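A short write-up of the structure that comes next.
The values are calculated or read from the model by the stated rules, or taken from the named source; none is laboratory data. Treat the numbers as computed from the prediction; the structure is a model and nothing was measured. FYI the Cβ positions are ideal-geometry reconstructions off the backbone, even for glycines, and counts take in every protein chain you see.
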C-alpha cells in the first residue's frame, strides 16, 4: 500500500457541522495551487463528522472538485439544519410558544430530523459504497451497542459494501442534533467526534500499523500529516456563570462544542510533539467575537457567508506561507 513511497501524505479533517465550510475553502485552494485533485495529492485520508463527509466525497471515483463542497454548505446547510425560530420574525408570544416546544424537543428527541441530511447525501454521494473510493481512508464513528470507537476503512473487506451515505450518517449523528443510525448487522452509530473529533492521530497511528503489516519500518518513511480544523471559539464561560448550570443549561449551551474543541486541541498538541514542524501542517482559525458564528448548526445564509469570508481571509493571509510550502511538497510528489 505504501511500501514503495518515500513520503506518505495524510489528510485529516475535523468535525464541526456547518463550520466544514472552512476546510472546504482550504481544500479548494490546495487543488487550485497544485493543479491536482485532493485524492491525487494524498495517500491516506481521514475525517470525522462533517470532515468525514468532505473526505468521502473527495475520495470517490469520478468525484467533482473540492469547490463543489463550498456549494454543499451554501445550498445544503439550510437543508441539513432547518431554520431556527427568530423572535424578531414571529413576535414575542409565538417565540415563547416555540421556546417551550424546543425545550420539549431537547428533552424528548433530537433537534433535527434526518430528512434534510439524507437529501444532501443522496445528491452528493448517491448509492456509492466504500469500494467506490480511491485512496485508503478512515472515517470515525462510535458504536453504542458495544460502546467502542469504529474506524470505517475501505481496505477491510467487512466495510467495502457499506453505502457511503450510511457511513456519512454514522460519523455525523451528533447527540441532541440527529438521531443515531442503525446499520444492519453492524450496530448503532453516533458522531465520531465522541471518540476523535480531530482524527489526525488515529490516521497517523493507522498508517504506522499498515506499514508494519507490510513489513516496513515506519522510521524509514517520511510521514507528513495535514490536519484541517473547523475553527475555535473565543467565547469564554466564567465560574459564576457556570457554577449553577444544570443538564439543560449544558445541553442548550456549549457541551458538545466544548467537548469537540478540547479533543481537537489535545490531538493537535500530541502531533506537535511527535512530528517535526516540517512534517506537520495544522490549519486552524480562531473565530472573532461574533454571536453565533461558532455554532455547529448555524446555517443562516449570512453566517455561512461569514464562515466562507473568514476561510478565504485565512487562506490569503495567516495560512498563506504554510499553504505555499505544503503545495510545493504536494506538487513534487507524483500520485500512485
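Table: residues versus (1) touching a residue at least 60 places away in the same chain (Cβ under 8 Å); (2) within 21 Å of residue 49 (Cβ to Cβ).
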| position | (1), (2) |
| --- | --- |
| 145 | no, yes |
| 152 | no, yes |
| 164 | yes, yes |
| 176 | yes, yes |
| 179 | yes, yes |
| 191 | yes, yes |
| 210 | yes, no |
| 218 | no, no |
* **Any chance residue 237 is in a helix (DSSP H, G or I) and farther than 21 Å from residue 173 by Cα** => no
* Checking residue 278 against (1) in a helix (DSSP H, G or I); (2) in contact with a strand residue (DSSP E or B) (Cβ under 9 Å, 6 or more places away or on another chain); (3) farther than 20 Å from residue 326 by Cβ, the condition it does not meet -> (3)
* Given the residues 290, 318, 309, 313, which is the only one that is under 20 Å from residue 232 (Cα atoms), modelled with pLDDT of 95 or more and not in a helix (DSSP H, G or I)? -> 318
* Matching option when the condition is closer than 24 Å to residue 113 by Cα, part of a helix (DSSP H, G or I), touching a residue at least 40 places away in the same chain (Cβ under 8 Å) and in contact with a strand residue (DSSP E or B) (Cβ under 9 Å, 6 or more places away or on another chain), among 51, 47, 15, 78 -> 51
* So residue 201 clears everything in (1) surrounded by 14 or more Cβ atoms within 10 Å (Cβ to Cβ); (2) in contact (Cβ under 8 Å) with a residue 24 or more places away in the chain; (3) in contact with a helix residue (DSSP H, G or I) (Cβ under 8 Å, 6 or more places away or on another chain); (4) not in a helix (DSSP H, G or I) except one condition, right? Which one? -> (4)
* Does residue 122 satisfy the criteria of being part of a helix (DSSP H, G or I) and either touching a residue at least 60 places away in the same chain (Cβ under 8 Å) or closer than 22 Å to residue 65 by Cβ (or both)? -> yes
* Tell me, please, whether a residue that is touching a helix residue (DSSP H, G or I) at 6+ places or on another chain (Cβ under 6 Å), in contact (Cβ under 8 Å) with a residue 40 or more places away in the chain and in a loop (DSSP other than H, G, I, E, B) can be found in the range 251-270. => no
